[in-house]
Amino acid sequence: MSSQRLLFIILSFTMSLGAKPSGAFKYYEYKSSTMREYPHEYYRLEYSGQEGAVLSWAKCNSEVVRVRVPEDAVRKVDSLIGSYKLYKLKKIYRPPFMVHDGIQWHVYFGYEQGNVSCIADNAWPPEKLKEGIKAVNAYLDSLIKVAEE
């Protein structure tokens, strides 16, 4: 077995245990929608060596706006992901009963050697994880306010 294959198996197993992906931060994305608003909220912070840190956002059916933000934003979002352990999100959250209206949302974030993908339909994760998502989104909102000034 090659060392790359063994590393892939180890990383896959580690990810299944809810461990934080390793490597440099690449992106964080959150999107929510309702029957009337698509998107209700949308944030995507991504980092590349060429463009630096770029935040895309939209609210209440608006067009997506892209703004450059300080590179400290990447460290802050990475720190929030770690402190709230958002890498422990399940792949999917659903309510215990059928709901035909409400809110659908997803959170995706990625690092050089892995990513986390979570979708939900009218359900939320445990409170600590929910607080973490809200904290990241509130921080991104603060960057948007600064960019609009």
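Bear in mind that the values in this text are calculations on the coordinates, not laboratory data. Here the structure is a predicted model, which means the values were calculated and not measured. Cβ atoms come from the backbone with ideal geometry, glycine included; neighbour counts cover every protein chain shown.
Provide the descending list of Cα extents for the range 19-148 along its principal axes, expressed in whole angstroms.
Projected onto the principal axes, the Cα atoms of the range 19-148 cover 45, 35, 20 Å.
Suppose a student asked you for the relative contact order of the range 19-148, using Cα pairs under 8 Å spaced at least 6 residues apart; what percent would you report?
Relative contact order here is 28 percent.
Which percent, to the nearest 5, of DSSP beta bridges fully inside the chain are antiparallel?
95 percent
Find, among the chymotrypsin sites (Phe, Trp or Tyr not before Pro) in the range 49-149, those assigned to loop by DSSP (not H, G, I, E, B) with at most 12 other beta-carbon atoms within 10 angstrom.
Filter output for the range 49-149: 97.
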